[in-house]
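Just below is one structure, and these are the notes that go with it.
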Amino acid sequence: MSTILKTQKLRVEFRSREMRQVTKVALAGLDLEVRAGEVFGFLGPNGAGKTTTMNVLLGFVPPTSGEASLFSIDVRQPIARQRIGYLPELTYYYKFLTAEELLRYYAKIFGLSRGETDKRIDQLMKLVELEHARKRPIKSYSKGMQQRVGLAQALINNPDLLILDEPTSGLDPLGRMKVREIIQRLKDEGKTVFFSSHELGEVETVCDRVAIIHQGELKAVGNVHDITGQHASLEKAFLEIIGVKTQPAS
């Protein structure tokens, strides 16, 4: 399988706003590869560097050194993001819009024709199971429904790569299940999904491979079975890898 997301010795440093302007290293030489057609989980505790990595890939943050590419194109070139869709952890939509109006707005940004827009909206409303609510204002949606319409907007341009930042954050079990099902359907369609999550049970269920990052450094990468190893779950393996000792069950 071809590599469509790659970082090499990626380093990002920030200067603090304090008087001494201490340099904080957010990423310290990250090497990462995501292959076409796989669901890849990007794991780490808060402050590990997950969102910084995504911000570099999306062109929001310039790397201090090293390289990052999408579809073999340097992420500093806007065309590198032509074939991606993105869902941030916190979505900010005009709540007075309906789901259909929101998708038409994003379709116009991507230059889709009227006919293609109508077709994509019909497909996506069915995919995220919001056909019944497509003409309702988003302000009337539950958290899970808002997250699913967010997935729909990330898919409006029919991207080959989907980047999701905590897609199940704050959702109840039913909402997480529906998002998990959508990710599985996207994989079945041949899409590549790269997402960060703290819901390790979800990751263990849907991911082909995972990477664990801690304090800006890659600590482990591989398929879920290999990462889990002799541990009872991915969660226990994750805690050991980042150096957190757990008490044995009594």
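The values are calculated or read from the model by the stated rules, or taken from the named source; none is laboratory data. Bear in mind that the values here come from a model prediction, so they are computed numbers and not experimental data. With ideal geometry, Cβ positions are generated from the backbone for all residues, glycine too; neighbour counts draw on all protein chains shown. When the accessible area is computed, the model is the full protein with side chains, heavy atoms only, and any ligands, DNA or RNA have been set aside. Shrake-Rupley method; radii C 1.70, N 1.55, O 1.52, S 1.80 Å.
If you wrap the Cα atoms of region 143-188 in a convex hull and average its projected area over all directions, you get 3.0 nm². The figure for S65 is an accessible area of roughly 50 square angstrom, using a 1.4 Å probe on the protein chains alone.
Within the same chain, aspartates and glutamates fewer than 8 places from K135 are excluded, and of the rest, those with a Cα less than 17 Å from its Cα are E100, E101, D118, D122.
Solvent-accessible area per residue in the chain equals 52 Å², computed with a 1.4 angstrom probe and all protein chains kept.
Could you work out how far the C-alpha centroid of region 36-61 sits from that of region 110-154, in angstrom? For region 36-61 versus region 110-154, the Cα centre distance is 25 Å.
List the pairs from K187/K236; K126/K191; K139/K187; K108/K143; K6/K245; K139/K191 whose alpha-carbon separation is above 20 Å, in the order I gave them.
Working: K187/K236 27 Å; K126/K191 17 Å; K139/K187 30 Å; K108/K143 26 Å; K6/K245 32 Å; K139/K191 30 Å.
The pairs that break the limit, which is 20 Å between Cα atoms, are K187/K236; K139/K187; K108/K143; K6/K245; K139/K191.
Helices meeting the span-like rule in the chain (full DSSP H runs, Cα extent of at least 15 Å along the helix axis, mean Kyte-Doolittle score of 0.0 or higher) are absent. Taking only protein heavy atoms and a 1.4 Å probe, the accessible area of region 129-196 is 47% carbon and sulfur. Remark: the D122-E240 segment gains 38.0 nm on full extension, using 0.36 nm per residue and subtracting the alpha carbon distance.
The share of accessible area on region 1-60 that comes from carbon and sulfur is 45 percent, using a 1.4 angstrom probe.
Placing a label point 7 Å from the Cα of E101 along the Cα-to-Cβ line, the residues of region 130-163 whose backbone N sits under 20 Å from it are 130-143, 145-154, 156. When the trypsin sites (Lys or Arg not before Pro) in region 77-170 are filtered for DSSP coil states and for at most 14 other beta-carbon atoms within 10 Å of their beta-carbon, the remaining sites are K95, K135. Checking every one of the GluC sites (Glu not before Pro) in region 1-62 against DSSP loop status and a limit of 12 other Cβ atoms within 10 Å picks out E18.
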